[in-house]
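Here's the structure, in structure tokens; my notes come after.
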């Protein structure tokens, strides 16, 4: 009900994660090969099924939403050569088509999108041209509404549990829609991502304090910071914060988060390592990937497992804890930047959206990749 980064690979051919026995998770260890794990699926590539025409007016997608009724939306924006406009697309069959937007949306680009149905769609909107505010937009199935928010509150992610329960976060704050109006809700962390379980339960992840991974939970009344296990050697003074970047909640007792931390390697050099974390209803547990790794997005696979993205690499964990690896197609002469990941409800098909950029010119073109 939610809702571009550099490429780095895990060491070797396996996902370098230890076991989280408290959460009932069995992961592949360094150097270990299991039947049906990474080695058996590494050749599978998700095709680039749709992209924008090459142009000098760069387009990109930042958000992806999948509603339980099977509808999906992708959101982003266009800018370059004096062209600035938001982009909203809807998936019909296997084709993404642009959705007509109200004139009030013109000054913005969309950072994130969330939906529970075709008549409850929300967009986090960042000012893209001249103006005096950022905004949140809503489609109720009949008409658009635009809610302006101060420039000091830049909406970065959004989640909804229904027409009367929507949350939007910026880099240091959160707001909640109660069906009638927006209210500031102190959150206690610097949120990067948010997901809704129900009207009385939502999770936000990001960082807090001196650049340490952090999580917070909405209980229907207020946000509470939930302790995240300490990570030995985290570089709290790094210019790059150690943070959780995405979160997915299957239920109250089954929540996944991913991110990246800065820690010293065996020589004392500060390196990036991916974080995979799990909430079992009582506490968070986590494991780190190998040096030089990172994780950006996490989503349901529709069968009790999860998909995790890291640049062009897509990793799948089954409900039984077996990992495998696939990749996104990267056309010759381009770089790719996936930004959001989601399962299409009622199917086993995963979608990820973002953009490709031409190496020669640097211009971006929005893009969609699809599994299966």
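Every number here is computed from the coordinates shown, using simple stated rules; none is lab data. Since the structure is predicted, the reported quantities are computational estimates derived from the model, not experimental observations. Every residue, glycine among them, receives a Cβ derived from its backbone with ideal geometry; neighbour counts consider all protein chains shown.
Which peptide among 92-102, 74-84, 224-234 comes first, and what is the full order, when sorted by highest mean count of other Cβ atoms within 10 Å?
Top of the packing list down: 74-84, 224-234, 92-102.
List the relative contact order of the stretch 58-370 as a percent without decimals, with contacts defined as Cα pairs under 8 Å and 6+ residues apart.
Numbers: 899 pairs, mean separation 35.5, N = 313.
Averaging sequence separation for qualifying contacts and normalising by length gives 11 percent for the stretch 58-370.
Calculate, in nm to one decimal, what residue 143 and residue 200 gain on full extension: separation in residues at 0.36 nm each, minus their alpha carbon distance. Numbers along the way, then the final one.
Values: separation 57, 0.36 × 57 = 20.52 nm, distance 2.67 nm.
Taking 0.36 nm per residue and subtracting the Cα distance, the gain is 17.9 nm.
Between residue 236 and residue 103, with labels modelled 7 Å along Cα→Cβ, what's the label distance in nm to one decimal, could you check?
Placing both labels 7 Å along Cα→Cβ, they lie 5.3 nm apart.
Sort 91, 121 so that the residue with the fewest other Cβ atoms within 10 Å of its own Cβ comes first and the one with the most comes last.
Result, fewest neighbours first: 91, 121.
For the stretch 211-336, compute Rh as the Kirkwood radius over C-alpha pairs and then the Stokes-Einstein diffusion coefficient at 25 °C and 0.890 mPa s; write the answer in µm²/s, rounded to an integer.
Values: Rh = 15.8 Å.
For these conditions, the coefficient is 156 µm²/s.
Kindly provide the helix-only [θ] at 222 nm of the chain, computed as the sum of -39,500 (n - 2.57) over DSSP H runs of four or more divided by all residues, to the nearest 500 deg cm²/dmol? Can you show the working numbers first?
Numbers: 1 runs with 4 residues, N = 372.
It comes out at 0 deg cm²/dmol, rounded to the nearest 500.
Just to verify a number: FRET efficiency for residue 372 and residue 95, C-beta to C-beta distance, R0 = 25 Å, to 0.05?
0.95
So what does the Cα-only Debye profile of the stretch 58-370 read at q = 0.14 Å⁻¹, as log10 I(q)/I(0), no solvent term?
Rounded to two decimals, the profile gives -1.12.
Compute the relative contact order of the stretch 110-204 as a whole-number percentage, counting only Cα pairs closer than 8 Å that sit 6 or more residues apart in sequence. Don't skip to the end; give the middle numbers.
Details: 232 pairs, mean separation 19.2, N = 95.
Value for the stretch 110-204: 20 percent.
Given a Förster distance of 25 angstrom, what is the FRET efficiency for residue 180 paired with residue 152, based on the Cβ-Cβ distance and rounded to 0.05?
Working: r = 23 Å, r/R0 = 0.93.
The calculated FRET efficiency here is 0.60.
Please rank 192, 90, fewest neighbouring Cβ atoms within 10 Å first, as an exposure proxy. Before the final figure, lay out each step's value.
On the way: 192 23, 90 15.
In order of increasing Cβ crowding within 10 Å: 90, 192.
Between residue 252 and residue 44, what FRET efficiency follows from the Cβ-Cβ distance if R0 is 41 Å, with the result rounded to 0.05? Walk me through the intermediate numbers first.
On the way: r = 33 Å, r/R0 = 0.81.
The formula returns an efficiency of 0.80 here.
Which whole-percent values make up P(r) of the stretch 134-245 when all C-alpha to C-alpha distances are grouped in 10 Å steps starting at zero?
Spelled out bin by bin, the stretch 134-245 gives 14, 44, 29, 10, 2, 0 percent.
How would 175, 283, 269 line up from fewest to most surrounding beta-carbon atoms within 10 angstrom?
Ordered by Cβ neighbours within 10 Å, fewest first: 269, 283, 175.
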